[in-house]
Amino acid sequence: QSTWEYIFPEFIFSDNKFEMASFMFALFALIFQPLLIFCGTCSPGQYYTHGNCLPCNQGMYCPGNDGSYLCPPGTYSELGQGSCTKCSPGKFSEEGMTSCSSTCPPGTFLEKDTPSCSHCPAGSFSLSNATSCITCPAGTYSGPRAMHCQPCQPGKANPDSGSTSDSSCYTCEPGTYAKGGSSECKKCPIGTFSSHRGSRSCSKCPKETLTISTGSTSEDDCTALAKKTDYIISVVVNCILVALVVFMLSLIHISEPTRPLYISYAVFCLKKKKQ
């Protein structure tokens, strides 16, 4: 028995022409039917997948070949459409939509004399039904089609408007800090310090210590100035009191013996010193 006779049934090699023709037809259908479908036998509104023709998905159109395609802006489609339907006047759509709307969604805007909504470029954003995009302010950034701007992370700042990525936010140096969405890094105020890059706040000096300037970068900058401050205040107060006493004494005349002796003596000394 030959190899072919072993693989195929024996009746194939018989003299019965009907049996031979039936086998060849079945073999042809088995091999070439998927190829015929793949080559474009699906009707419009259908697409080919895994040997079958299936209805075209919503938001897409199927012209009757092997694929399906997104509906372009200004059009839409429902299930099983061979082509997309244009939006009626006054309504708009984006790519791959299942219906049209009278307003543009956030992140897009309506350009004049256009049937579709355009995407906002990076560095800007928009709310719904916008006719233009808004530039992101300093301290923020955005990618394309943004509904809002992202703030710079705490410890970073960005002085420029219209930034397009987080890389536009620079890191604060020691001695400075920044809250989220800041346009600049601020110096740590007196009595505080920051020793690391990217600080979101400054650390307070230990109790009874103080920094003498802004922008301190280390706890070592905190010195025991609290007691010295009290001393300075007391000296200032005493100076003011002395100046007040001297002014009052200058108004007293030595010829008035009714004054207390110590006042008269003090006035006498002052006048004598003036002479």
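The values are calculated or read from the model by the stated rules, or taken from the named source; none is laboratory data. Not measured: the values here are computed from a predicted model. Here the Cβ is made from the backbone with ideal geometry for all residues, glycine too, and neighbour counts use every protein chain on show. Protein only, heavy atoms only, side chains kept; ligands, DNA and RNA dropped before computing areas. Shrake-Rupley method; radii C 1.70, N 1.55, O 1.52, S 1.80 Å.
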Yes or no: LYS186 open to solvent by 30 Å² or more (accessible area, probe 1.4 Å) and closer than 30 Å to CYS149 by Cβ?
yes
Go through the stretch 144-178 and give me each residue that's in a strand (DSSP E or B) and open to solvent by 30 Å² or more (accessible area, probe 1.4 Å).
GLN150, PRO151, LYS156, TYR170, THR171, TYR177
Tally of residues being closer than 24 Å to THR140 by Cα and modelled with pLDDT under 95 across the stretch 201-226
0
Pair list, Cβ under 9 Å, 6 or more apart: the stretch 49-73 residue over 29 Å from PHE109 (Cβ atoms), other residue among the acidic types (Asp, Glu)
THR49/ASP66
Would you pick out the residues in the stretch 86-100 that are closer than 13 Å to CYS56 by Cβ and surrounded by 15 or more Cβ atoms within 10 Å (Cβ to Cβ)?
GLY96
Across the stretch 120-143, the tally of residues that are surrounded by fewer than 18 Cβ atoms within 10 Å (Cβ to Cβ) and of a type outside the set (Gly, Ala, Ser) stands at 7
